[in-house]
Each structure stands twice: as C-alpha cells, then as structure tokens.
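The values are calculated or read from the model by the stated rules, or taken from the named source; none is laboratory data. What you are looking at is a predicted structure, and each value in this text was computed from that prediction instead of being measured. Don't worry about glycine lacking a Cβ; one is built from the backbone with ideal geometry, like all the others, and counts go over all protein chains shown.
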Amino acid sequence: MWWKEAVIYELYVDKFAGNFAGLCDKLDYLKDLGINCLHILPHYPSPMIDDGYDVSDYKGVRQELGTLEDFKKMTSRAHAMGIRIIVDLVLNHASTEHPLFIEASNKESNVREMFLWSDTGSEYSLAKNVFAEKKPKNWVWNEQAQSYYFSEFCPEQADFNWKNPAVFDFFIDIMDFWVDMGADGFRLDAASHIVKKEGTNCKGLPETHAILMKLRKHIDKSYSDVILLAEVHDGIMKMKEYFNQGAECHLTYNFYLTERIFRSLVRDDRSLFNSALKECEEIPQNSAWANFLRSHDEISLSWLTDDERKEVIAGFDQQRKYRFESYTAMRLASMFGGDKEKILEAFRMLFEAPGAHIIYYGDEIGMENEEISEGEDMRRVVRGKFDWAKAEAEKANPSSLYSGIRAIIASGK
C-alpha cells in the first residue's frame, strides 16, 4: 500500500515546469526533496474558465503542455525514479465546450440524458450555488437546446447526470485510458457533489457513495495498485464515510485536520491539534487520510464555527485583502509573513499526522501570493509560476526553509 504514507507534491505542469517534457527534467528536484508521488492538476484540453476544471477532452493533453506521448514519457521516467502519478478526474461536470455536451444540446441526441436538463430551471433548489457571484442560480439557459442545464459551479461547467449508467461507463473508459498511460491514481474532484436528488442539498447522498464504491470495485478488479483520492469537505464523521469500511476511496483529504492546524497556530495552542488527531482515528485498515496544509484552492474553513473562522482569517489576512467567498486564498509564506519557523512548525504538525502528506508546489521554498488583476479569481494568487532561482538558492542553503522541510520529510515528522 504505497499510498498510505505517500509524500505527494501537487503542481500545475505549466506553472512548475512549462510542459511535460520540462517536468521530466525537474523530477530530480522532487526526488531530492523526498517526494514519491505527484498530483498533476488538470492537464486536459480546456477553455480554462476554471483553470482546467472545465474539461473539453478527457483523453487529451492541453496543447501548451505537450502531447500524450510526452505525458507517457514523463510517467515512465517518474516510475523509474520511484515516483507515482495521480491525475485529476473531474466527475461532476464537463466544459460546455466538450463535444459530448454540444451533442447533448440537441434534443434528439441519444447522449442528451448524460447531462441534466430542465424546461423550468426549478429542480434541485436546495443544492448550493457554489459560485453565486457568477450566476443567479444553478440552472443556465442554453439557446441551442432551448432548455436549462444544471451547473453547480461555473456556468460554463455542465453537470453530468449520474443517474444515467452511460455516465459511469464514460468515466470507466477514461480511467482505463489514463492507467494505460501511466497514471497510478485519480483525485476525484468534488466527489461529494456528483449525484443530484430532489428535496436534498445534493451533497454526499447514498447514491453518490454507491457510485464511488462501483468505481472502487472496478479499480480493485482491474488494477492492484491504482488508488482513488476523494476531495470531500464535510464534518469529520461524514468524511470518514468516503472510506466506507475500505470499500470506497483509498484516501480522503483531511480538511478537518487542516482547519485545526491553522487554528492551533493562530492561537498558539497545540492542544487543539492534538484533539483533532484523536478525532481522525478509527478509519479502516486499508484506508488513510491525505493530510495537507495548502492547495490550489482557497483556505476553506467551513467546519469551524463563525467565531473560529473569523479568528483564523484575522490571524492570517486581517485586512481581507485575499478574500475568496467567505474565506481567504493565501500561500503559507504570506499567511505567516515569511516566518520560517512558523512554516516549519506547520509542516512538523502535518507530518505528525498518520497517513499520506501533500505539499503544494512552492510552499517548500516560501513562495508568496501573486498579485493579480482586479476582478480576477482570487484563488489565482496561489497559482503563480514556480521560482526556480529561489529554489536553487534555498537548496544551496543548509539552514533554509527548503532544507528544513526536506529534513522533516526524511524523518517522517
């Protein structure tokens, strides 16, 4: 079970290395840091409305990143170095520019029911409108179809109809394709949202768990070493359900622990972290948490109380300069004002937690928030280009942040 204690490095190929050929050349850097798994953020062809999470071709590579052959060469070299590869799998929605959605916009099409359509746009009214500033409701009018389509995230992302078995078959084919290309696992984006049901908030439904278990069954039957990593942000007991006695996802992001690491650091009270570790116990033997500090997204604090959330945000972003929704989007070095010892303390807590550990690209060298244009998606402040000049300087300095994190990884704590 290589994944139970994996050290995963999350990166955008273009921001980190330009393209897949460049990533091949940078694998030595990652190996030296102590990384044994890469999470490749969306690499698929896309209009890039949502930085790649609006996929227009699930079996391709975005042109600026190279070719399918470049991807395969990268995975082969990574495997030769003992580094596994996880790719994003966007199960909930596709780009409205995906040929399948364009075809489904024809009312006579035999793939129409692979997406969710409505004449009134009134169904699933309890589902969260995730990006409410981008659309007034989750139903978006489509001129070609003369109908509304359901979109829980960006309006350019049309949600799949997982009640249709053809959607399951569609994604099984995609998973088989990428395993053949060298993928060792799949990050299941927005895993809790995939099934929609009237009269519910359309999150974490029993039908969703049934589908994820079917995906796991296919993986277990076909591949001995391929894993599923669920992106689920919910209460601690709800998140544990995605292990489902070891029959669902191998790994689940530990949002619960992340929230409490930050609260512990703001309060300078380690007991909060220790209590959280206890709460994370009692999961199936063949399952593990994917523990992390930062990612490509905002710092979501949705399972803290209002007062706790305000306290954490005030501790890192008092002026609300980096506000995203009701949260904040910041890199670690910006959160801690460049304080190396505070960042190292956060990493020591991270690696003390049992399970896999995720490092977001650039955090190991103290990269800070980017400046972005007014009105731009605030999450892009944490999605800047990797600073290779800084990385070389950090590597050469035995007392640098990089060297400290490298030592933490090597010791496992």
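Tabulated data
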| quantity | calculated |
| --- | --- |
| Meets criteria (modelled with pLDDT of 95 or more, out of contact with any Pro (no Cβ under 9 Å at 6 or more places or on another chain) and assigned to a strand (DSSP E or B)) for ILE102 | no |
| Complete set of residues in the range 291-338 that are without any contact (Cβ under 8 Å) to a residue 24 or more places away in the chain and among the polar types (S, T, N, Q) | THR305, GLN318, GLN319, SER326 |
| Conditions (1) touching a residue at least 12 places away in the same chain (Cβ under 8 Å); (2) small (Gly, Ala, Ser); (3) more than 24 Å from ILE261 (Cα to Cα): number failed by GLY412 | (3) |
| Residue ID - farthest from VAL312 (Cα to Cα), chosen from residues in the range 273-288 that are among the small types (Gly, Ala, Ser) and touching a His at 6+ places or on another chain (Cβ under 9 Å) | SER287 |
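For every residue, the table says whether it meets (1) under 15 Å from the mean Cα position of the chain (by Cα); (2) closer than 21 Å to SER334 by Cα; (3) aromatic (Phe, Trp, Tyr); (4) in a helix (DSSP H, G or I).
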position	(1), (2), (3), (4)
ASP234	yes, no, no, no
MET237	no, no, no, yes
TYR242	no, no, yes, no
GLU248	no, no, no, no
THR252	yes, no, no, no
LEU257	no, yes, no, yes
ARG260	no, yes, no, yes
LEU265	no, yes, no, yes
SER271	no, no, no, yes
